[in-house]
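Below is one structure, written out as structure tokens; comments come after it.
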Amino acid sequence: MQLRDERVVAALFILLQFFLQKQPSLLPEGLWLLNNLTANSPSFCTSLLSLDLIEPLLQLLPVSNVVSVLVLTVLCNVAEKGPAYCEHLWPGPLLSSLLGMLAFSDTDVIGQSLELLQLLFLYRPEAAQAFLQQSGLQALERHEEEAQLQERVHVLQQTALHR
């Protein structure tokens with residue numbers, strides 16, 4: 001079963017690379033499929049991790065806001081699976097990528113970034129310390145006054161400070 005799931009994920013990533021280079025407008029569709037595969041399936045999340053596809057996913061973040069939200073949602077799907085999955089997400093480039101995402105102004109991108117940070121802090125408390133050391137609170141302050149994000153920003157600030 002795991003081998004089959006890995007083959008599906010590998011094939012999907014080949015398609016994502018093709019879409020990125022030749023048909024960028026189809027990239028969100030491929031990511032939407034990956035989101036659906038990982039949403040309720042630990043085995044597809046495991047395949048994503050065992051094939052070392054987190055960094056290639058992170059490289060898609062700058063493509064567009066829609067792509068960013070979908071990539072962050074897939075990463076949330078992985079993080080939701082618990083501590084064993086989060087061990088593969090941090091340490092690594094995820095935290096610096098998320099700090100970069102907090103510089104965006106799109107509330108959907110910020111909202112998904114906050115969700116992923118919350119999950120990461122829950123399962124990897126040491127990530128909260130690294131977040132603080134890398135000026136994470138200052139990055140969050142930028143969004144304190146945005147009505148849609150205000151409560152989530154406050155919760156994440158409190159989580160980071162009390163881990």
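Residues in region 16-36 that are hydrophobic (A, V, I, L, M, F, W, C) and either open to solvent by less than 40 Å² (accessible area, probe 1.4 Å) or modelled with pLDDT under 90 (or both): L16, F18, F19, L20, L27, L31, L34.
Would you call P91 at pLDDT below 90, surrounded by fewer than 16 Cβ atoms within 10 Å (Cβ to Cβ), of a type outside the set (D, E, K, R) and farther than 18 Å from N35 by Cβ? It is true that P91 is at pLDDT below 90, surrounded by fewer than 16 Cβ atoms within 10 Å (Cβ to Cβ), of a type outside the set (D, E, K, R) and farther than 18 Å from N35 by Cβ.
Scanning region 133-163 for residues that are surrounded by fewer than 15 Cβ atoms within 10 Å (Cβ to Cβ) and closer than 22 Å to P83 by Cβ returns Q133, Q134, V155, Q158, L161, H162. As a summary of the residue check, L57 satisfies the conditions (1) open to solvent by 10 Å² or more (accessible area, probe 1.4 Å); (2) touching a helix residue (DSSP H, G or I) at 6+ places or on another chain (Cβ under 6 Å); (3) at pLDDT 90 or above except for the one numbered (1). If I ask for residues that are of a type outside the set (D, E) and touching a residue at least 40 places away in the same chain (Cβ under 8 Å), which ones from region 91-116 would you list? Of everything in region 91-116, those that are of a type outside the set (D, E) and touching a residue at least 40 places away in the same chain (Cβ under 8 Å) turn out to be L94, L99, M101, L102, T107, V109, G111, Q112, S113, L114, L116. Residue count for region 90-116 under the criterion of being among the small types (G, A, S) and in a loop (DSSP other than H, G, I, E, B): the result is 3.
Exactly one residue out of F13, F44 is in contact with an Asp or Glu (Cβ under 9 Å, 6 or more places away or on another chain), among the aromatic types (F, W, Y), open to solvent by less than 70 Å² (accessible area, probe 1.4 Å) and in a helix (DSSP H, G or I), and it is F44. Among the candidates A127, A84, the residue that is modelled with pLDDT of 90 or more, small (G, A, S), surrounded by 15 or more Cβ atoms within 10 Å (Cβ to Cβ) and part of a helix (DSSP H, G or I) is uniquely A127.
For P62, the stated conditions hold: it is assigned to a loop (DSSP other than H, G, I, E, B) and open to solvent by 10 Å² or more (accessible area, probe 1.4 Å).
The values are calculated or read from the model by the stated rules, or taken from the named source; none is laboratory data. Keep in mind that this is a model prediction, so the values were computed, not measured. For neighbour counting, all protein chains shown are included, and Cβ atoms are generated from backbone atoms with ideal geometry for every residue, glycine included. Surface areas here come from the heavy atoms of the whole protein model, side chains and all, with no ligands, DNA or RNA. Shrake-Rupley method; radii C 1.70, N 1.55, O 1.52, S 1.80 Å.
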